[in-house]
1. Starting from residues that are crowded, with 24+ Cβ neighbours inside 10 Å and in a loop (DSSP other than H, G, I, E, B), keep the ones in the range 173-197 and report whichever is farthest from the ligand (Cβ to nearest atom).
2. Criterion first (within 16 Å of the ligand (Cβ to nearest atom), surrounded by 19 or more Cβ atoms within 10 Å (Cβ to Cβ) and polar (S, T, N, Q)) does GLN295 satisfy it?
3. ILE162: touching a residue at least 24 places away in the same chain (Cβ under 8 Å), within 14 Å of the ligand (Cβ to nearest atom) and either within 23 Å of ALA81 (Cα to Cα) or touching a Leu at 6+ places or on another chain (Cβ under 6 Å) (or both), yes or no?
4. Among SER257, SER250, SER285, SER290, which is closer than 30 Å to SER43 by Cβ, within 16 Å of the ligand (Cβ to nearest atom) and either among the hydroxyl-bearing types (Ser, Thr, Tyr) or in the same structural domain as PHE386 (by TED's automatic domain parsing) (or both)?
5. In the range 1-12, which residue that is in contact with a helix residue (DSSP H, G or I) (Cβ under 9 Å, 6 or more places away or on another chain) and on the phi < 0 side of the Ramachandran plot is surrounded by the fewest Cβ atoms within 10 Å (Cβ to Cβ)?
6. When you check ALA335 against the structure, is it away from the ligand (no atom under 16 Å from the Cβ) and among the aliphatic types (A, V, I, L, M), yes or no?
7. Count, please, the residues in the range 261-297 that happen to be under 15 Å from LEU402 (Cβ atoms) and touching a Lys or Arg at 6+ places or on another chain (Cβ under 9 Å).
8. Could you check the range 2-35 and list, in sequence order, the residues that are more than 30 Å from LYS57 (Cβ to Cβ), among the β-branched types (Val, Ile, Thr) and in contact with a strand residue (DSSP E or B) (Cβ under 6 Å, 6 or more places away or on another chain)?
Amino acid sequence: MSLQEFNMSIAGEWTGANSGKVFESLDPATASPWAQFPDADESDVNRAVEAADRVFKSSEWRSINATARGKLLRKLGDLVAQNIETLAQLESRDNGKLIRETRAQVNYLPEFFYYTAGLADKVEGETLPLDKTDMMAYTIREPLGVVAAIIPWNSPLYLTAIKLAPALAAGNTIVLKPSEHASATLIELVKLAELAGIPKGVVSVVTGFGPSTGAALSSHPLVRKVAFTGGAATAKHVIRSSAENFAKLSLELGGKSPQIVFEDADLDSALNGIVAGIFAASGQSCVAGSRLLIQRSVYNKFLDALVEKASKIKIGDPALDESEMGPMATAQQLAVVESFVEQAKKQGAKLRLGGERADLEKGWYYQPTIFECAANSDYLMQEEVFGPVAAVIPFDTEEEALAMANDSNYGLAAGVWTRDIARAHRVARDVHSGIIWVNTYRVVSAMASIGGYKHSGYGRESGIDSVLAYTERKTVWINLSSDPMSDPFVMR
Ligand code: NAD
């Protein structure tokens, strides 16, 4: 079968790589190539960034004021809304995520554009209440320049929307670099941005590999901010690259998010929340609730019920509506999961479910897997798998649960299951993570920020201040005095 061919968009031109090189993307459900993309090298990245910089400085883009930029984003949201099924099918094909999941995600996607569009002309400066009577000062929020958005494979459209929308709302230009494993939908999104009337070169997309295309982009001297979502190890490269140019950074990284189940919880509801947390998207979610902390008094009962429920998950083709767990997105990710399972077994973790590839004819499927761990310091309790592997441990007291929850390098998300309202708020206050869900899990909203503590990264995306993260604050001083400047050698 012939491969679907995609081009990149650089400065508004649809093009291949300078070198003519391409790479193939594999369909996770079949492990066969289905599409081909340009393999951008440094020269292609230079073209894209230089064009983005030129457009940023152009009178055409500068003359489009914040209200007008908001309208462009609303139009883009409308176009996404008109293309939900196409985008959902494409993303599902590319990264193997269930169609029911990508459909729901794309269905909500326009809200990120609409919400952020509304913020565009509400970015205000301030008049400062100075302690100097002969001075006045005010601030101006200015766009940064060229933004580089580096995106992983697990939710490309969503993770791009929360960068693209605020970057454009603030008046920046942007170059997108999708994952080499899931580039297709970002290319489609750039086509929609063009249709929305966003001027050529404001949004470009370069496709290729991390160490070449990604590194060239994140270290480019004209890039003023890198908005990165991906793994912690990659983030360290990005930090080093950006250091060369003092580019600003936002880093949305991985997690080992705890789900804490107290004995007084609605256990049926908690069960669904735990399954959603670790087995939805086959565990390939940055907020996967991969550490289960269960109060000892309900430990056996709850774990047995979890094993029973997880054993009935329907693994299958992501394109089918009835499938509940699809494949791992890449062969490497499947190998990572297998290696974690082997290490957990070696360390003496007790396998309660799964622990093997799923028995399907083709594709990179893995069974829902549950391990009981002896200590929170166990490898499986500490390291992110990014797969359908739950590490479970009992606790006795709230204090102990909190200590374990916080004993982690990560701090992206957490879940707490309890009917005790005071306890819910105490745990929410005391857990070190950027998000905590109480009696629910994996909910997102355009109005709510996401981002992590510690090795889960820094900076926040989405929410009311998302646009500010793409601005620079300038302070303007006005001398109100008619007297001449006094002593030049004294700071005033
Ligand atoms: P990854 O870090 O391997 O890749 C992410 C992106 O970085 C890709 O586009 C890749 O090509 C690029 N890249 C790789 N090396 C690079 C380099 N040297 N310089 C610049 N760019 C480079 O991550 P992944 O495997 O695509 O995604 C999985 C990871 O992403 C997990 O750790 C997961 O937790 C994290 N993630 C976090 C969030 C969040 O919002 N916090 C969301 C989704 C995924």
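The values are calculated or read from the model by the stated rules, or taken from the named source; none is laboratory data. Keep in mind that what you see is a predicted model, and the values were worked out from it rather than measured. Neighbour counts are summed over all protein chains in view; Cβ atoms, including those assigned to glycine, are modelled from backbone coordinates with ideal geometry.
1. Residue satisfying both the conditions and the ranking: SER183.
2. Numbers: within 16 Å of the ligand (Cβ to nearest atom): no; surrounded by 19 or more Cβ atoms within 10 Å (Cβ to Cβ): yes; polar (S, T, N, Q): yes.
In short, no.
3. Values: touching a residue at least 24 places away in the same chain (Cβ under 8 Å): yes; within 14 Å of the ligand (Cβ to nearest atom): yes; either within 23 Å of ALA81 (Cα to Cα) or touching a Leu at 6+ places or on another chain (Cβ under 6 Å) (or both): yes.
Considered against the rule, which asks whether it is touching a residue at least 24 places away in the same chain (Cβ under 8 Å), within 14 Å of the ligand (Cβ to nearest atom) and either within 23 Å of ALA81 (Cα to Cα) or touching a Leu at 6+ places or on another chain (Cβ under 6 Å) (or both), ILE162 comes out as yes.
4. Only one candidate passes the filter, namely SER250.
5. Step one: filter the range 1-12 for residues in contact with a helix residue (DSSP H, G or I) (Cβ under 9 Å, 6 or more places away or on another chain), giving 4, 6-12.
Now narrow it down to the ones that are on the phi < 0 side of the Ramachandran plot: 4, 6-10.
Values: GLN4: 14, PHE6: 20, ASN7: 16, MET8: 28, SER9: 24, ILE10: 27.
Ranking the qualifying residues of the range 1-12, first place goes to GLN4.
6. Values: away from the ligand (no atom under 16 Å from the Cβ): no; among the aliphatic types (A, V, I, L, M): yes.
Criteria not met by ALA335.
7. Summing the residues that are under 15 Å from LEU402 (Cβ atoms) and touching a Lys or Arg at 6+ places or on another chain (Cβ under 9 Å) in the range 261-297 gives 2.
8. Of the range 2-35, the ones more than 30 Å from LYS57 (Cβ to Cβ) are 2-5, 20-35.
Adding the requirement that they be among the β-branched types (Val, Ile, Thr) leaves 22, 30.
Passing the criteria: only VAL22.
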